[in-house]
Amino acid sequence: MTVQLIGGEMSVWSDLDGTHGPAPAGDPSLLPLLKSITGRTLVAGPHAPTLIDAIPAPEITLLVRGVTDAELLAARFASRPGVTICCGSLEKLATIPAYDTVVALDGLDRLLTTEAAELTWDETLTRLLAARSPRGRLLLRLENLFGIHRLVALPTAPTDTEWVTADDRDPSRPLGPDAMRARLAAAGVPVARDYAAYPGALLGGGVLSDPALGGFLEATLARSVPEQSAPAQPQLTDPARLVAGAVRHRLADDLAPSWIFLAGPGSTGPEASIAAAGPGSLGARASIGSAGPGSLGARASIGSAGPGSLGAGASTAASRSAGAEGPIAASASAASAASAGTAAGGGVAGVDEIHRDGGGRWVRGDGVPVPLGRTLEGLLLAACQRRALPDVRELLGAWQAGPVAGVPATQVVVDAEGNFHGVASAGKPLEALRHLAASMIGGGYAHLWPSPADEVQLTALLAGMTGREVDPSDVPAITQSTVESVRELTIARDRLTEELADARAKHEFYERQIANRDHELKRLRQMNAILSATTAGKAANTLVDGLKAGRRAVRAVVRRTRD
Amino acid sequence: VHHANHYYGHSHVLARYCGLDDTDPPRLRGYLQHGWNIGDGLAPDHEYTPGVPSFLWSERTRRRAWSLGHRQGYVVGAPFAYLLTMQPLSDSDQREGTIWYPFHGWEGQHVVGDHDGLMASMRDVEDGPVTVCLYWQEFRNAKLRQRYEDAGFRVICHGYRGGWWKDLDPGFLYRQLAELRKHRRVASNRLCSAVFYGALAGCEPAVYGDPMHLENEKAAFGGQPRILREWAALHGPYVNRDLALELAVDELGADRLLAPAELRRLLGWPMPKRVDDAELTGVLIR
């Protein structure tokens with residue numbers, strides 16, 4: 001397979017390796033959008049080969065900027081017929097409306113090269129749309145420049161790819177889904193469906209607007225988002241808590257890291273697409289990514305997320321969960337569906353497609369209903385904040401006595417009837433309790449417990465609240481995110497400062513107590529000495545000495561008798 | 001941590017509840033509230049030490065303590081409520097008359113008031129036999145005891161409170177509960193722990209008569225006037241029994257008791273050495 005150099009190509013450059021900027025589009029949750037693509041297809045911009053593998057279209061043109069990427073793709077797809085590789089800048093692509101589907105899931109920011117004339121965002125879109133046939137479809141990503149990933153980011157040095165920086169002051173750039181829908185409608189490509197795109201999850205408007213799905217969404221995003229910045233990039237705050245708050249405040253769409261738009265005629269895609277946690281999704285990756293370990297495919301999908309990218313989340317989260325106990329069917333609900341590794345109804349393995357069934361219920365691809373309600377951790381924290389300890393004990397007791405005892409509280413949805421549904425695979429119950437303790441302390445809720453607010457001690461106390469006796473030395477270690485965040489570090493610093501002050505105060509208190517006891521001991525000894533010196537005291541001592549001598553004599557006789 | 005944890009055999013009751021040796025309760029890692037309190041749960045003479053948790057009777061007390069900057073409060077409920085779970089009330093309890101707790105001073109305090117006037121009020125209100133329970137200081141005062149006995153009242157004392165690890169009396173609460181269960185009513189001239197205990201133990205409570213006062217009494221947290229305002233419903237010779245029970249449950253945290261495993265963990269107590277020990281043991285009334 002030869003690479004077509006269309007002009008403007010960058011001879012020493014790769015977007016796919018993720019070293020000059022964010023990792024390429026590669027989130028597994030995108031897979032369900034790709035499976036129905038037909039006809040001639042243009043994939044513009046860096047996309048992980050695992051995504052391209054999922055496109056069933058017979059003719060695919062891949063447009064990348066760097067010669068290195070083009071050559072890698074040529075090698076990767078050498079055996080796949082119908083794949084053409086173009087290397088260069090978008091504006092050099094022939095402006096022939098030749099493509100039935102245009103895929104730009106990396107967005108518009110990496111389509112022009114250093115050699116190109118500067119185009120605004122809108123002009124870039126116009127050029128891209130020019131490649132689309134009149135009844136063609138468009139799959140487009142728009143980064144949210146005010147998304148959670150940017151809100152939690154510490155300032156970073158610009159990457160190599162930012163010779164021109166995406167700017168929310170660019171008047172031609174849509175600042176949200178509404179503006180984007182209007183722009184595409186004006187261009188004759190009405191949006192059929194759009195999603196808030198989080199790591200490992202695409203969430204449609206129907207899903208986001210149903211409050212009953214709040215717990216499920218919090219659980220899903222809590223699972224995938226925290227791992228987004230591995231390898232660790234320090235950040236302002238733990239994104240998982242922020243995302244959970246955004247879901248509760250109905251801001252998950254507004255604050256999504258990016259949005260995905262499906263425009264033009266044809267399939268509308270699922271209501272939501274969620275990369276499953278647990279071994280199922282690992283299996284899925286292996287079957288989708290035919291590339292071997294260390295190859296481009298594997299690197300691209302796991303690849304490091306650069307600044308502003310949340311892209312690598314789901315796959316790392318999946319590998320983390322796979323290291324746990326393995327899939328224990330937590331309940332006859334989501335977890336079993338998630339870990340099954342296959343999706344019914346022509347779905348993509350390892351990715352759950354959410355839709356409404358005939359009865360209006362939210363179900364997964366295999367027909368298993370999505371649990372409605374709030375997360376167990378949310379309920380527990382709410383009860384703790386109210387200091388409703390009887391409620392806390394009841395929730396903890398029901399959780400730990402049931403089949404989802406080993407599923408972390410963030411991954412358990414409690415429905416209106418009080419049933420517990422695990423949405424991730426189960427580990428050991430004590431590990432789940434420790435995760436809860438870690439979350440309470442790390443999240444700044446240590447004040448809810450008397451000191452020392454230490455994870456191990458709190459785990460043992462939480463176990464005690466369920467009636468289970470746990471020695472702190474038996475509390476297992478857990479793997480925790482190593483990502484540093486300023487808020488959590490500040491919380492920890494303040495907590496430790498307070499603990500130190502308390503420890504000093506206690507130390508002084510104990511010192512005073514010891515001084516009193518010493519005084520008391522001295523007094524008693526003096527009294528003892530005085531009493532011993534009296535006639536009665538001497539007589540008592542003589543008696544005691546006599547008894548001791550008698551005992552020694554008896555023992556000696558017994559020893560001799562034995563010998 | 002504090003000698004007051006052993007007052008009235010409180011730590012002994014909790015040790016028994018936790019399946020531990022109730023003749024020698026372990027050191028308790030924190031400060032255990034030892035009486036009904038309108039402040040932060042700590043006794044007025046008790047020094048607050050940051051970092052030492054307070055084990056409080058009620059959520060209301062915890063909230064108050066928090067507002068005063070005492071953050072390490074944990075509601076465990078009153079030891080008396082634990083005792084009741086181990087010796088539940090029975091319909092066969094033969095109840096008669098009233099047990100009356102005249103307001104008393106504690107060690108080193110002296111109460112000032114007219115005992116004759118108080119006896120007159122008691123006779124006016126109570127139509128059955130009256131048992132007067134005196135604090136040990138008053139009980140040792142033969143003259144005072146005699147005055148009550150001469151007035152036709154049965155006079156008892158539940159025992160020593162104990163202090164500084166001396167004169168500890170593990171049977172105190174047991175004797176109190178046994179007496180409360182024998183009486184139909186519980187009364188005092190001040191709202192106090194005993195009235196709440198009585199209400200929880202099935203007695204009809206009442207608070208009436210000259211409230212007397214302590215020499216140099218300090219009105220901390222609003223003192224007696226605040227008690228009268230806030231708990232007005234419990235004052236008077238006859239009060240609503242259901243409401244009183246509800247208030248007693250709240251003030252004694254009887255609906256918030258901990259399971260033994262949680263209590264042991266919280267107090268820093270060990271697990272019972274043998275499974276048999278974990279079974280609730282009987283305690284000797286000494």
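Only the coordinates and a few stated rules stand behind these numbers; no lab work does. These numbers come from a predicted model, not from an experiment. Every residue, glycine as well, gets a Cβ built from its backbone with ideal geometry; the counts of neighbours run over all protein chains shown.
The ranking of A:F216, B:F196 from fewest to most other beta carbons within 10 Å of each one's beta carbon is A:F216, B:F196. With axes computed from alpha carbons, what is the tilt in degrees of helix A:389-401 against the longest principal axis of chain A, rounded to the nearest 10 within 0 to 90? The two axes meet at around 70 degrees. Neighbour counting of Cβ atoms within 10 Å sorts the residues B:C203, B:C157, fewest neighbours leading, into B:C157, B:C203. Reported to the nearest whole Å, the Cα centre-to-centre distance from region A:172-246 to region A:477-555 is 59. Which pairs in the list B:K182/B:K218; A:K35/A:K428; A:K428/B:K273 are over 29 Å apart, alpha-carbon to alpha-carbon? Among B:K182/B:K218; A:K35/A:K428; A:K428/B:K273, the Cα-Cα distance tops 29 Å for B:K182/B:K218; A:K35/A:K428. Working note: Cα gyration tensor of region A:430-563, eigenvalues times five, square-rooted, sorted largest first, giving semi-axes of 56, 26, 11 Å.
With Cα atoms as the point set, the radius of gyration and Dmax of region B:180-249 evaluate to 12.2, 36 Å. Taking R0 as 60 Å, what FRET efficiency do you get between B:S90 and A:R562 from their Cβ-Cβ distance, rounded to the nearest 0.05? That gives a FRET efficiency of 0.55. A simple spin-label model places the labels of A:A533 and B:D150 5.0 nm from each other, with each point 7 Å out along Cα-to-Cβ. Counting only alpha carbon atoms, the long axis of helix B:241-251 and the longest principal axis of chain B meet at about 40°. For chain B, rounded, prolate or oblate, judged on the Cα gyration tensor with a ≥ b ≥ c (square roots of eigenvalues), a/c < 1.5 rounded, else prolate if a/b > b/c? Prolate, since a/c reaches 1.5 and a/b exceeds b/c. Computed from the Cα positions only, the extents of region B:1-84 along the three principal axes stand at 36, 24, 18 Å, in decreasing order.
If you model the protein assembly as shown as an ellipsoid using its alpha carbon gyration tensor, with each semi-axis the square root of five times an eigenvalue, the axes come out at 74, 30, 24 Å, biggest first. Using the Cβ-Cβ distance between B:R229 and A:E511 with R0 = 30 Å, the FRET efficiency computed as 1/(1 + (r/R0)^6) comes to roughly 0.10.
Note on chain A: helix-only mean residue ellipticity at 222 nm, from DSSP H runs of 4+ residues weighted -39500 (n - 2.57) and normalised by residue number, equals -12500 deg cm²/dmol. Taking every residue in B:43-51 and counting other chain Cβ atoms within 10 Å of its Cβ, the average works out to 4. Fully extending the segment from A:Q385 to A:H519, taken as 0.36 nm per residue of separation minus the present Cα-Cα distance, adds 43.8 nm.
Angle, helix A:214-224 long axis vs. longest principal axis of chain A, Cα atoms, 0 to 90°, nearest 10? Once rounded, one gets 90 degrees. Averaged over residues, the count of other Cβ atoms within 10 Å places the peptides A:13-23, B:90-100, A:69-79 in the sequence A:13-23, A:69-79, B:90-100, highest first. Please list, or write none, the lysines whose alpha carbon is within less than 24 Å of the alpha carbon of A:K538, excluding same-chain residues fewer than 8 places away. The reachable lysines, counting only those whose Cα sits under 24 Å from A:K538, are A:K522, A:K548.
So for B:I227, A:I148, A:I274, fewest C-beta neighbours within 10 Å to most, what's the order?
Numbers: B:I227 21, A:I148 25, A:I274 32.
If I rank by nearby Cβ atoms, fewest first, I get B:I227, A:I148, A:I274.
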